[in-house]
Amino acid sequence: MRLTTKVVTVMLVLLFSTALFAGQWVYKPMSINAKKGDVVLSGGEGFIHDMLALLGCYWSHSGMAVDDGANIRHNTMYVSEIPIEYNYFLWIKTTPKRLNPTRLSNGLPGILTEDIDTTYNVTKNFNAAGGAILKPAAANEAAYRGPLNAAADVMNYLKGYYRVNAYMNMYQLDYVNYFITGRGNHCSGTNWYANYYSGKAMNVASIPPSLVATCSNSLYTSVVNMVRDDAGGFGAFIIDIEGLFGTGADEKVANQIVNTFAFDRSTDTSSYWRSRVGSLTAVANAPDHLLLQSYTNPSSRNPGVQTASSSYYGQVDPLVITAGYYYWVD
Amino acid sequence: MTRKNLLIIAAAILAIILGIALTRGQKDPAAEKRPAKSRGYAGLLDFLTAPDSNPESKEVNPDEVPSYEIEEAKIIKDVIIEKDPVCSGEDFKVTVVGHNPNGPDKHLVYRIGDRMGNPAILRFNQPGTREFYVVARDEGKHIDHRVVQVQVRECPEKPVVVLKARMHNTAPESGIFEVTSQKGLAEPCTYEWDFGDGKKTTTNTGYATHSYSDRVQTELQSSYIISIKVTDSQNKSVDARASISFPNIHYISRLMGQPILPVTADKFATWSGGTYEVKATIKNIFESQVEFDEAELEIKPCDSSYPPTVKVVAAREIMDTTALSSLETLTQTMRMSKALLGPSSCNVLVTFSGPFDKSSRVTAKMYVDIPPTSARDIDPARDKTVTDRAMVDKLNKAAQILGPGKPITPEDLERLEREGKL
């Protein structure tokens, strides 16, 4: 063998062995301090969040940990991805008409599982700041963890649309793992059903007609303001919808959303809701209402809405995210 | 066509229809008003994948679900608008005067327009008579609304800076603040920030983050007004504000009978002389003295397919000072021996606890990551080897800057990129 060939061979061997034993960068994903079955609460802004804010709720989104801190399953809707329908004149697209009624009424992605990196960093469906974990009180941890694991298994199984109308009537999620048009729930309602189908019926809020009317008016105003002022609630959606301002279509879209919220009339852009909403009683839950079991405040009043028998969740912990990080190993 | 063929075709059509019914649940919305049980055979095959339970017997009967009524209450006494009319794009402060008829005022939660908290900063872009709602509620069942109007007019000559505040997506107790628009100023600009909690800073970009983790928690909600002064190259300056609000979870934890103290700690443990060390600050937000007597360690192995191990030791084995007087903030180095944690441990949750108010126990929780140092500690189920060449180069470069052997977070990379070092 010629010398140059030997040298090249030795160098190649050295190069490959260096590559083989040089080590590697590895990413350890983020995780949170939730155990399987705990409820994860999050605050934030936007259209979906505004729905719960009507009830003055601080936490506007919730999901359930379906393992020990690596994944959250929750129900949400990407309003910015609802197609806009346009008017046509002689087959030429003219002015925006309304949101696609099917997608507004049956929101996507609906119930989905996201890992912590994705939901806090990419889709930002959850925010760390202001976040909290609802879990059993320490004394009940051993007794309640089994049922909560079962609730998480149900949550893993359930599939359904995000339903804006579920704020009016929460009882519309079936024990199925496929989409049914016209069936689904909102975020807290989905958590409620996961507990319900595993054997625990938590207390549910009843909202009287006068309050439903106020909430509907507030939602209408909120949507109009979001559209007019680029308040951020609609994300990319605002780019399209801004063109609606001045055409009266912003008010039509607000009507369409309130009609969907109150009556599931997602095709209706009229003010149908205004004269009828005062007779509705809503039955729906909100994340804030999972707190304060049997709590008695310093004025000896009991504003808490759950009791020790209606909920497994007796303790709130601040959310902790253990950092996702890259590490080097030889 | 023979009768036999017709029968075969009919059977095939029937099979297709049955197959669709069994595997799909799509139907017209009107049909959904029927009870779930009567909705044909959709979902008949669910038993193949459903968790063990009997959902058919659990169809919700709303009349049997215990409920509570949200009640209207007179909570809002007054709404004070800083100025009216306002210019389009200009911020203005709204303050709600509220009184809780059913409990302490500090247990009220406010939302003003699209902002949580009280006071709040609002802004309207489009001129005209603009409307927003104010909501106030107590800890649970009582709520009050008020609709408020403000006149918005065009002020074309007025320079406007728009500052937006939002909750941090990955850092608890923190906010992200960003100047999203500035009209009438010449670049470059300097940005003087006042975060509303006594902390201030100056930057040369319109972006900042700030942690409110050391705030005093004496009510359900803490609200802050963030101010910025933007000064341009010709020494012209414009002020802007935004507001942010945090729920006081530690305060709520006490109301729920499980008091927790806030802890801020290093993300990663450092290895020193046979022990893992973590610098941590515990704040006693309560008016009672706290003395920790116990520390429970939940030690998670690097391989997440193995369960965590739990060890209980005396608190003084980990912390030098175990007592905190009322409202005291204490920073100290926590130490855990390698023998205590065992090999191949990647995460430890330390829960310090001690007696509190005679009948309950107070806790303080510290989460510590211990980055793996050898290939055998890679978690095969969750960890991901970086194979992208560009990312590897970026990490190598970051390691040179930050020091070898240290873990690198995505925030480190983002910061170094923003500083132009990567």
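The values are calculated or read from the model by the stated rules, or taken from the named source; none is laboratory data. Since the structure is predicted, the reported quantities are computational estimates derived from the model, not experimental observations. With ideal geometry, Cβ positions are generated from the backbone for all residues, glycine too; neighbour counts draw on all protein chains shown. Protein only, heavy atoms only, side chains kept; ligands, DNA and RNA dropped before computing areas. Shrake-Rupley method; radii C 1.70, N 1.55, O 1.52, S 1.80 Å.
Some observations on this one:
- Residues (over 29 Å from A:Val283 (Cα atoms), within 8 Å of another protein chain (Cβ to nearest Cβ) and open to solvent by less than 20 Å² (accessible area, probe 1.4 Å)) located in segment B:129-166: B:Arg130
- Among the strands (runs of 3 or more DSSP E) confined to segment B:295-409, the ones with at least 2 residues that are surrounded by 15 or more Cβ atoms within 10 Å (Cβ to Cβ), within 12 Å of another protein chain (Cβ to nearest Cβ) and of a type in the set (Val, Ile, Thr) are located at B:345-356, B:360-369.
- Qualifying residue in segment A:65-88 (condition: free of Cβ contacts under 8 Å to residues at least 40 places away in the same chain, among the polar types (S, T, N, Q) and surrounded by fewer than 23 Cβ atoms within 10 Å (Cβ to Cβ)): yes
- Restricting attention to segment B:157-190, the residues that are assigned to a strand (DSSP E or B) and free of Cβ contacts under 8 Å to residues at least 40 places away in the same chain total 4.
- Selection count, segment B:176-217, where residues are open to solvent by 50 Å² or more (accessible area, probe 1.4 Å) and aromatic (Phe, Trp, Tyr): 1
- B:Glu173 satisfies every condition listed in (1) over 23 Å from A:Leu219 (Cα atoms); (2) open to solvent by 50 Å² or more (accessible area, probe 1.4 Å) except (2).
- Across segment A:171-199, the qualifying residues are those that are assigned to a loop (DSSP other than H, G, I, E, B) and β-branched (Val, Ile, Thr), and the one among them that is surrounded by the most Cβ atoms within 10 Å (Cβ to Cβ) is A:Ile180.
- Being closer than 19 Å to B:Thr264 by Cβ and touching an Asp or Glu at 6+ places or on another chain (Cβ under 6 Å) holds for only one residue in B:Thr333, B:Thr329, B:Thr363, B:Thr409, and it is B:Thr333.
- Qualifying positions in segment B:248-275 - in contact (Cβ under 8 Å) with a residue 60 or more places away in the chain and assigned to a strand (DSSP E or B): B:Ile260, B:Leu261, B:Val263, B:Ala265, B:Phe268, B:Thr275
- Some residue of segment B:75-88 being within 11 Å of chain A (Cβ to nearest Cβ) and buried (at least 23 other Cβ atoms within 10 Å of the Cβ): yes
- Per-region count, segment A:36-45, residues within 10 Å of chain B (Cβ to nearest Cβ) and either aliphatic (A, V, I, L, M) or open to solvent by 10 Å² or more (accessible area, probe 1.4 Å) (or both): 3
- First in segment A:195-215 and hydroxyl-bearing (Ser, Thr, Tyr), second anywhere and at pLDDT 90 or above and open to solvent by less than 10 Å² (accessible area, probe 1.4 Å), Cβ under 6 Å, 6 or more apart: A:Tyr197/A:Val154; A:Ser198/A:Ala151; A:Ser198/A:Val154
- All positions within segment B:110-122 that are within 7 Å of chain A (Cβ to nearest Cβ) and either more than 23 Å from B:Ala73 (Cβ to Cβ) or open to solvent by 40 Å² or more (accessible area, probe 1.4 Å) (or both): B:Asp114
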